[in-house]
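The values are calculated or read from the model by the stated rules, or taken from the named source; none is laboratory data. All values derive from a computational prediction rather than experimental measurement. Because the Cβ atoms are built from the backbone with ideal geometry, glycine has one as well, and the counts that use them run over all protein chains shown. For the accessible areas, the whole protein counts, side chains as well, though only heavy atoms, and no ligand, DNA or RNA atoms are used. Shrake-Rupley method; radii C 1.70, N 1.55, O 1.52, S 1.80 Å.
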Amino acid sequence: MATTISFFPVDNGDMTLICLGDKSGKTILVDCNIRAAADDPDDKTRDVAKDLRERLKRDVNGRPYVDVFLLSHPDQDHCRGLKKHFHLGAPAKYADDEKPDNEKRIVIGEMWSSPMVFRRASVEHTLCEDAKAFNTEAKRRVAVAREKNCSGVDDGDRVLILGEDEDGKTDDILAIVVKVDQDITKVNGAESKVFKGRLLAPLAKSASDEEEEEYRKNHSSVILNMELADDEGRKTVKNFLSGGDAEVIIWEKLWAKHKQAPAVLKYDLLQTPHHCSWHSLSRDSRSDLGDKAKVSADAKSALSQIRDGGRIVASSRAIKDDDCDPPNYAAKLEYESIGKGAKGEFLCTGENPTEASPAPMEFTVSDQALRRSVKQASIGAPYVLTRPLVDDIRRKAAEAQAVQKGGNSRYA
Amino acid sequence: MPETASIAVRLRQEGVCKLDSFLTQVCNARRLTPEEVGAYRNRSLTSGWEFHIETVLMTRRLQLLLDQRFPFSLPHFFLIDRPEFLTWPHIEEDGRLCLQPENKVAKPDHPAEAAGVLLGQAVDLICACEAGSNEDDFRTEFYSYWNRDLEESPGWIYSLLASDGPCRLVRIWRGEAWSVVGESEEKVLTWLQHSYGKQPQFDSTDLACFLWLPKALLPKQYPRTAGDIYRLAQMTSGGKLLLEQFSRKGKNPFYFILGADSGNGPCLAGVVTRTSPTVDVRGKRRNGTLNGFRPGKIPDSIFTPRLFSDASSASRLKAVRVDSAWIHGRGYDPHQAKLSKKSVIVVGCGSVGGPIAQHLVMSGVGHLDLVDPGTLDWANIGRHPLGAEYVGRNKAEALAEKLQRSYPHASIRGFNASYEELALRGFSATRDADLIISATAEWESESLLNLQHVQGEITGPVLYTWTEAHACAGHAVLLLSSSPCLQCGMTLGGKARANVTEWPEGNETRHEPACGAIFQPYGPVELQAALSLSASLALDSLLGKVHRTIHRVWAGPHALLLESGGKWSPTWLDGHPERESGGFQEELEWGKDELCPICSGSATGAPFASESETRDSASSLHQPFSTM
């Protein structure tokens, strides 16, 4: 089965699941936003927890699990539902074995967390309970790693630190630290042939308080450019760039750093930062300047490294031409223009397939492309009929000779 | 006991289930709501599904809908994510894809497979549209696009024009709802009079302009202003100069016919431009084209582009070809040009001559003279092109009237007289006719015709046609020269010397309860083969395919012969046992009789000798039924 990326429709929030196409079939969940309404069976809000569970495997104990949970940054719309739906704590303390499957909390094999991101966020605002719980669990796992000298740490206890912490706080556990501009090549403890993630942010702590404040106010997030192969054969390789809620200053810094060698920013799939907010593209306020607000050329350049046929996905509610932000209509137009230049496509999770009934938006890395699809497990049907699929359907259908070609040999 | 559904209803119900299963499980389609289906007006669609396809450029929504004839009709495909109408060919206003028109349902119980095949065609079409590789289809199927999206009251232009270059000024008769355009005023008015009779309004025509374009137009090139016409004219050879002439001699509104080779033959389109007068500062309505010049002093090079400028609107009209080349073969009949110039005289407009005349006109013969002194009776209409509304009328005049109205581009006259009467009056048409057909089977007129032919008063070919009793056999003899002549194969009394069939005494004809009212009993069906025999030989002659005298015989089915009470004649069967079953056509020699009193040269000058001098057929050198 090929590598898939699923964007769950979680309104203005992020929740993305990557299922790797190798034999391991490992799963990487980037953020989650499981709202109470989604958990309410009487509410029409999409039950994304159910959607997630349908895509996860069960371990030897019958527990649902994700191999990796990456928290891009600790805003509530990126970790909502964590405490309710995920097991946090030592694996031995898992207490849901007797519960029905749909009530068992999901085990996290390895957490990918950035202490710098947490620090910056906690200065800006009070962390929500789910974020605190994540942080607590991350600290537990770091302690386990320290205790075991970063070796032989089991599933459910693993953690990867994304970006060095300040003041050398992570110097003793560098084995589980991924520095900025380094690659993540292991997923939940094992090297992967189908996944490689270039860590682009969080930017290192600045010596300048002013600059550091800018990072905080610009929603410093984990920015990861993930190289995903279809399977171990690596016939198709695509890049998925995810940047949490990172705003304009962050992207300007990235462009300044990488503009001479922008390949690190190249993507086939971009999740628009901060749910298609204008503030990821511009320093200007649209509420102050209206249409005179200008896009930051550098930020846009950083977000414009799209390959031909690439997709740009806004994980947000439906985008209207109004004053909302996020998502923002003017930002959408900017992303659409980026996509158009590469014969690509702009999509919104809140409009897929319809605004009234959104459903997970799936992509599959296969056949030299990044293709729309639906979850294979349940109905096995592609979301989008590709040309090869259509040709296959036609070829099989033609055998039945249900359509007569050519005119009648008899004429009136 | 519950009523079981009919086969048709069951197939439909099962078909919808099968299709639903295929579309939802294989194509991940969602079922359309009744409101979404109902949004397609005037389509009588009953149910539908929507799914997504991925093309080179993007993901597009495609809908599949069923109509009320399903599963005996194929599903319809509609493209939702598409550009503006007439940007891509083969896509209708509401997004319906016009897939290969030759698709037909072969198996109503395999709707999913049918949908699968059509899905492939739909995606092929969309990909070709995206690539622009089928843009030329706008040209090859020109009418399908030009005739759409016209104004609500487009008006029609009926065209008698030759659909070819060069650009030229032509004549147009303008009616309220439609117009007729032709090469000359005479042709236009004649057509109108032929169609509708001599009406007072068919008295004059105006100028129109015919522009022959290098290529058929794409939708984005369709003229919307007079300026567009001006620019199109500049693309043609001589068009600019022609437009200058038209601007001087024509009058507002200006009618244009645009023609071009579509790739599937020539196509025509009509455009009318209207120059609106402007109002000056004193409130007077003025023709702004003269601004800056005294009347009569403005040069053509300035006047013409002002007259045909973007300030004047242009309305597109539908042009309908009614010329002979189109009506007879839609431009593909290679014989049309020749036949339209041919002139034929048909003597005898009864059950044989009448249909033959009709077939010749329908085949495109341009000029026909019909001769018959007889009156149409009720008993005739069972095997005649004329029906009840013509009973009591002279057959020739009535048939000419009917055919003329039906084929106004042809020229058809009817003469209420026998051939002999016309000959005595000096009927000159026989000199110029390309073919004379005698379908009277009356010796008086046929022998006169034959004599005229032998003695050189008639120089063209003459075709004699008749049937034997009960139409069990038919003959068509085409004589090209003075010898052999008709008499060579006839007795002096005008009976055929060799017959295919034989009849007991009194069985060949029937009588009506009136004096002299004898008739041949046969219906239109039995007659068809004999008619076809004669009409085809006539066409062969007109097209120059015949270079010698020919005698074609139709021998009807043996069963018909027996049922009618006849039998094959011994001479017909002699040496040809294969002729027993009948039902075939054969070509025979029409041998010259060396003792023929008309053409042999030993004639005594008394062509109509008495029966006592009838030649003994056995002693003559005439060989009945000599094969080729």
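Results, tabulated for the structure shown:
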item	result
Test: residue in segment A:237-260 that is under 19 Å from A:Val313 (Cα atoms) and of a type in the set (S, T, N, Q)	yes
Residue in segment A:186-234 that is modelled with the highest pLDDT, counting only those that are within 21 Å of A:His78 (Cβ to Cβ) and among the polar types (S, T, N, Q)	A:Asn225
Residue in segment B:165-184 that is in contact with a strand residue (DSSP E or B) (Cβ under 6 Å, 6 or more places away or on another chain), closer than 17 Å to B:Pro89 by Cα and open to solvent by less than 50 Å² (accessible area, probe 1.4 Å) present	no
Tabulated pairs, segment B:15-30, first within 11 Å of chain A (Cβ to nearest Cβ), second of a type in the set (D, E, K, R) and open to solvent by less than 50 Å² (accessible area, probe 1.4 Å), C-beta under 9 angstrom, 6+ apart or interchain	B:Ala29/B:Asp20; B:Ala29/B:Glu50; B:Arg30/B:Glu50
Unique match (being under 43 Å from the mean Cα position of the chain (by Cα), within 13 Å of chain A (Cβ to nearest Cβ) and closer than 29 Å to A:Asp308 by Cβ) among B:Ile91, B:Ile80	B:Ile80
Top-ranked residue of segment B:229-255 - restricted to ones that are aliphatic (A, V, I, L, M) and more than 33 Å from the chain's Cα centre (by Cα), ranked as surrounded by the most Cβ atoms within 10 Å (Cβ to Cβ)	B:Leu243
Single unsatisfied condition, A:Lys257 versus (1) closer than 24 Å to A:Gly13 by Cα; (2) of a type in the set (Lys, Arg); (3) at pLDDT 95 or above	(1)
Subset of segment B:303-334 [open to solvent by 60 Å² or more (accessible area, probe 1.4 Å), part of a loop (DSSP other than H, G, I, E, B) and touching a residue at least 24 places away in the same chain (Cβ under 8 Å)]	B:Asp310, B:Ala311, B:Arg330, B:Tyr332
Which listed residue, of B:Asp136, B:Asp124, is of a type outside the set (Ser, Thr, Tyr), open to solvent by 20 Å² or more (accessible area, probe 1.4 Å) and within 14 Å of chain A (Cβ to nearest Cβ)	B:Asp124
Qualifying residues in segment A:346-389 (those that are of a type in the set (Ser, Thr, Tyr) and outside any loop (DSSP other than H, G, I, E, B)) - the one modelled with the highest pLDDT	A:Thr349
Number of positions in segment A:140-156 that are crowded, with 21+ Cβ neighbours inside 10 Å and of a type in the set (Asp, Glu)	0
Residue list for segment B:263-278, restricted to those being closer than 14 Å to B:Ser163 by Cα and either open to solvent by 10 Å² or more (accessible area, probe 1.4 Å) or without any contact (Cβ under 8 Å) to a residue 60 or more places away in the chain (or both)	B:Gly263, B:Asn264, B:Gly265, B:Pro266
Selected residue (only one of B:Trp568, B:Trp590 is of a type in the set (A, V, I, L, M, F, W, C), surrounded by 21 or more Cβ atoms within 10 Å (Cβ to Cβ) and over 38 Å from the mean Cα position of the chain (by Cα))	B:Trp568
Enumeration of residues in segment B:478-514 that are basic (Lys, Arg) and either open to solvent by less than 50 Å² (accessible area, probe 1.4 Å) or modelled with pLDDT of 95 or more (or both)	B:Arg497
In segment A:105-121, the residues that are closer than 19 Å to A:Phe69 by Cβ and open to solvent by 20 Å² or more (accessible area, probe 1.4 Å)	A:Arg105, A:Val107, A:Pro115
Subset tally (residues that are under 18 Å from A:Leu385 (Cβ atoms), within 7 Å of chain A (Cβ to nearest Cβ) and not acidic (Asp, Glu)) for segment B:104-117	3
Segment A:291-345, subset assigned to a helix (DSSP H, G or I) and within 14 Å of another protein chain (Cβ to nearest Cβ), residue most open to solvent (accessible area, probe 1.4 Å)	A:Lys340
Odd one out for B:Ser418, checked against (1) open to solvent by 10 Å² or more (accessible area, probe 1.4 Å); (2) within 24 Å of B:Trp378 (Cβ to Cβ); (3) within 25 Å of the chain's Cα centre (by Cα)	(3)
Segment B:33-54: number of residues that are open to solvent by 10 Å² or more (accessible area, probe 1.4 Å) and either within 12 Å of another protein chain (Cβ to nearest Cβ) or acidic (Asp, Glu) (or both)	6
Looking only at segment A:1-21, and only at residues there that are assigned to a loop (DSSP other than H, G, I, E, B) and among the hydrophobic types (A, V, I, L, M, F, W, C), the one that is nearest to A:His73 (Cα to Cα)	A:Met15
Of residues in segment B:278-317 being among the aliphatic types (A, V, I, L, M) and at pLDDT below 75, the one nearest to B:Gln245 (Cα to Cα)	B:Leu290
Of all residues in segment B:532-558 being touching a strand residue (DSSP E or B) at 6+ places or on another chain (Cβ under 8 Å), outside any strand (DSSP E or B) and of a type in the set (A, V, I, L, M, F, W, C), the one that is surrounded by the most Cβ atoms within 10 Å (Cβ to Cβ)	B:Ala538
Flag if B:Ala216 is touching a Lys or Arg at 6+ places or on another chain (Cβ under 6 Å), over 30 Å from B:Ile412 (Cβ atoms) and open to solvent by less than 20 Å² (accessible area, probe 1.4 Å)	yes
Residue among B:Leu160, B:Leu119, B:Leu57, B:Leu64 that alone is open to solvent by 50 Å² or more (accessible area, probe 1.4 Å) and among the aliphatic types (A, V, I, L, M)	B:Leu57
Meets criteria (away from chain A (no Cβ under 14 Å), surrounded by fewer than 14 Cβ atoms within 10 Å (Cβ to Cβ) and free of Cβ contacts under 8 Å to residues at least 12 places away in the same chain) for B:Pro101	no
Search result, residues across segment A:221-264 that are part of a loop (DSSP other than H, G, I, E, B) and over 16 Å from the mean Cα position of the chain (by Cα)	A:Asp230, A:Asp231, A:Glu232, A:Gly233, A:Arg234, A:Lys235, A:Thr236, A:Glu247, A:Lys259, A:Gln260, A:Ala261
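Condition check ((1) under 28 Å from A:Ser122 (Cα atoms); (2) among the aliphatic types (A, V, I, L, M)) across all residues:
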position	(1), (2)
A:Ser6	no, no
A:Val30	yes, yes
A:Arg35	yes, no
A:Cys79	yes, no
A:Asp101	no, no
